[in-house]
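K.L.:
I'd like to ask you about the structure that follows.
The values are calculated or read from the model by the stated rules, or taken from the named source; none is laboratory data. These figures come from a predicted structure and were not determined experimentally. Heads up, the Cβs are rebuilt from the backbone with ideal geometry, glycines too, and the neighbour counts pull from every protein chain shown. Heads up: the accessible areas ignore ligands, DNA and RNA and are worked out on the full protein's heavy atoms, side chains in. Shrake-Rupley method; radii C 1.70, N 1.55, O 1.52, S 1.80 Å.
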Amino acid sequence: MFKTEYVKNVFENLKNKNSNEKEFLQAAEEILTSLEEVAVKRPEIQEKKVLERFLEPERFVQFRVAWVDDAGNVQVNRGYRVQYNSAIGPYKGGIRFHPSVNASIIKFLGLEQILKNSLTGLPMGGGKGGSDFDPKGKSDREVMAFCQAFMTELYRHIGEDTDVPAGDIGVGGREVGFMYGQYKRIVNKSVGVLTGKGLSFGGSLARTEATGYGLCYFTEEALKTIKKDSFKGKTVVISGSGNVAIYACQKATQLGGKVVAMSDSNGYVYDPNGINLDVVKQIKEVERKRISEYVQRVQGATYTPNCKDIWSVKCDIALPCATQNELDLDAAKKLVANGVIAVCEGANMPSTIDACKYFIDNKVVFGPAKASNAGGVATSGLEMCQNSMRYSWTFEEVDAKLKDIMTNIFHNIHNTAVKYDNEFDLLKGANIYGFEKVCDAMLAQGIM
C-alpha cells in the first residue's frame with residue numbers, strides 16, 4: 001500500500017489508535033498515499049513529525065445534548081466538535097445532524113476540511129461538528145429545542161476568531177438561525193460566529209447556492225482545460241436532492257447540460273426530458289417529502305427504489321452529491337462503460353478509494369471533494385469577511401468571487417498534478433497543494 005517506511009509507520013500507528021474509525025482511516029489512507037513523494041522530498045516533514053501532528057486533532061470535544069420533545073419526553077443525543085488544525089487560520093467547518101454521525105465521521109470530515117480550506121486560498125483552518133440527532137420528522141419547535149441545547153454546550157468552544165461553524169447535512173438556514181440565536185443570547189454579542197445565517201442577520205447572498213454552483217464552476221473549468229469540452233449538450237446525473245444537488249442541477253442546466261436523474265436515500269428518479277427543478281424544490285425544500293413524489297407530478301418520469309442504481313444511468317457527467325462512499329468500484333465501472341467523461345464530487349468523500357483510482361486510471365476528469373465542493377466553505381469565508389466589515393456584497397459580486405476561487409482551485413491542483421506526471425490525478429494534486437501550505441505554516445510556528 002505505502003512505498004516508504006515512514007508513511008507506512010505513520011498509518012499503522014494511526015490504525016492502532018483509531019481501529020474502529022473506518023471513515024477516518026479511509027480519508028487518512030487516501031491523503032497519505034498522495035503525500036509520500038512530498039515526505040521523501042522534504043526530510044523536515046519526518047524530522048518534525050509533521051504528518052503525525054497533521055493527522056492528530058488539536059482538540060476533540062464530545063458532549064451530551066438533552067432536550068424535550070413535543071410529547072414532553074426528555075431525549076438525549078451526542079454532540080461533537082473537532083478542532084483539527086488552526087495553522088493557517090481559525091477552525092472552519094460545518095455542523096452535521098444525522099443518525100450516522102459518530103466520532104469517525106466527524107474526524108474524517110474535519111481532516112478533509114483542513115485541505116479543502118487550504119485550497120480556497122482563504123485564511124481558514126479545519127474543523128467539523130455535529131450530532132446523531134435526526135431533524136427529519138421533527139417539528140420546528142423540537143428542532144429549535146435541540147439546536148438551543150446543542151449550542152448551550154458548543155458556545156464555549158467557538159468564536160469569530162477561534163472556530164466558525166456552518167451548516168452541513170441536516171443543518172440548513174433554520175437550524176443555523178436557531179443556533180445563532182442561542183449563541184447571541186448566551187454571550188450577549190452579535191458577531192460572525194456562524195455562517196449560512198439568514199440574510200436579515202449577517203448572512204451572505206449566494207451562500208445557499210455556493211456549493212452546487214462552485215461544483216459546476218470547477219467541473220466546467222476542468223472540462224475546458226483537460227478535455228477541451230464543456231457542459232453544453234451533455235447528459236448529467238446528480239445523486240442527492242438536498243441543497244448541493246439542487247443548485248448543482250440549476251447551474252449545470254444554465255451551463256447547457258441536461259440533468260436526467262436525482263435521488264434521495266430511498267431511491268432515484270429518471271426524467272428523460274430533463275429534471276424539472278421547480279418540482280424538486282417544492283418536494284424537498286418546501287414539503288420535505290421523498291423524491292419518489294416527483295413521478296406523481298411529472299409525466300414520463302420513472303422511480304427506482306434503490307438509490308445506488310442511479311450510477312447505471314448513462315451520462316456524460318456524474319456529480320455525486322449525496323453522502324460518503326455512495327459510489328463504489330462497481331458503480332465506477334458502470335459509469336466508465338457508459339462513456340462518462342467527468343465525475344466531480346459535491347458530497348464529502350462520496351467515492352471509495354478504489355472508485356477514485358479507477359476514474360483516474362481511465363482518464364476520466366475526476367474532481368475530488370476537497371477541491372470540487374469547496375465552494376460552500378469559500379463563500380462561508382466570504383461571509384466572514386462581510387461580517388467583519390459590517391457590509392454586504394451583491395449576489396453578483398459574491399458569485400464572481402466564488403467562480404474565481406473555484407477556477408483558481410482547479411488550476412492550482414491541475415498544475416500540481418502535471419508536476420507529478422499525471423494531469424488526471426487531481427486527487428493527488430489537491431492533497432499535495434493543500435497540504436504543503438498547511439505544512440509550511442506548521443513548521444513556521446514551531447512544535448505545537
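K.L.:
Got a sec? Which of T211, T195 is closer than 22 Å to P368 by Cβ, in contact (Cβ under 8 Å) with a residue 24 or more places away in the chain, within 20 Å of the chain's Cα centre (by Cα) and open to solvent by less than 40 Å² (accessible area, probe 1.4 Å)?
P.N.:
None of the other options fit; the residue is T211.
K.L.:
If we scan region 220-236, do we find a residue that is part of a helix (DSSP H, G or I), surrounded by fewer than 20 Cβ atoms within 10 Å (Cβ to Cβ), in contact (Cβ under 8 Å) with a residue 24 or more places away in the chain and among the hydroxyl-bearing types (S, T, Y)?
P.N.:
Yes, some residue in region 220-236 is part of a helix (DSSP H, G or I), surrounded by fewer than 20 Cβ atoms within 10 Å (Cβ to Cβ), in contact (Cβ under 8 Å) with a residue 24 or more places away in the chain and among the hydroxyl-bearing types (S, T, Y).
K.L.:
Now a separate question. Show me the helices (runs of 4 or more DSSP H) found entirely inside region 1-77 where at least 2 residues are open to solvent by less than 80 Å² (accessible area, probe 1.4 Å) and of a type in the set (F, W, Y).
P.N.:
Values: elements: 5-17, 22-41, 43-47, 50-55.
Ranges flagged: 5-17.
K.L.:
Go through (1) more than 22 Å from the chain's Cα centre (by Cα); (2) open to solvent by 20 Å² or more (accessible area, probe 1.4 Å) and name the single condition Y183 misses.
P.N.:
It fails just one condition, (2).
K.L.:
Would you confirm whether or not region 296-305 contains a residue that is under 21 Å from the mean Cα position of the chain (by Cα) and either farther than 24 Å from L119 by Cα or in contact (Cβ under 8 Å) with a residue 12 or more places away in the chain (or both)? Step through it out loud before you land on a result.
P.N.:
First, the residues of region 296-305 that are under 21 Å from the mean Cα position of the chain (by Cα): none.
No, every residue in region 296-305 fails to be under 21 Å from the mean Cα position of the chain (by Cα) and either farther than 24 Å from L119 by Cα or in contact (Cβ under 8 Å) with a residue 12 or more places away in the chain (or both).
K.L.:
Okay, next question. How many residues, within region 237-281, are touching a residue at least 60 places away in the same chain (Cβ under 8 Å) and under 20 Å from S351 (Cα atoms)? Give the steps one after another, and end with the answer.
P.N.:
Residues of region 237-281 touching a residue at least 60 places away in the same chain (Cβ under 8 Å): 237-240, 242-245, 248, 252, 257.
Imposing the further condition that a residue be under 20 Å from S351 (Cα atoms) reduces the set to 237-240, 242-245, 248.
Qualifying residue count for the region: 9.
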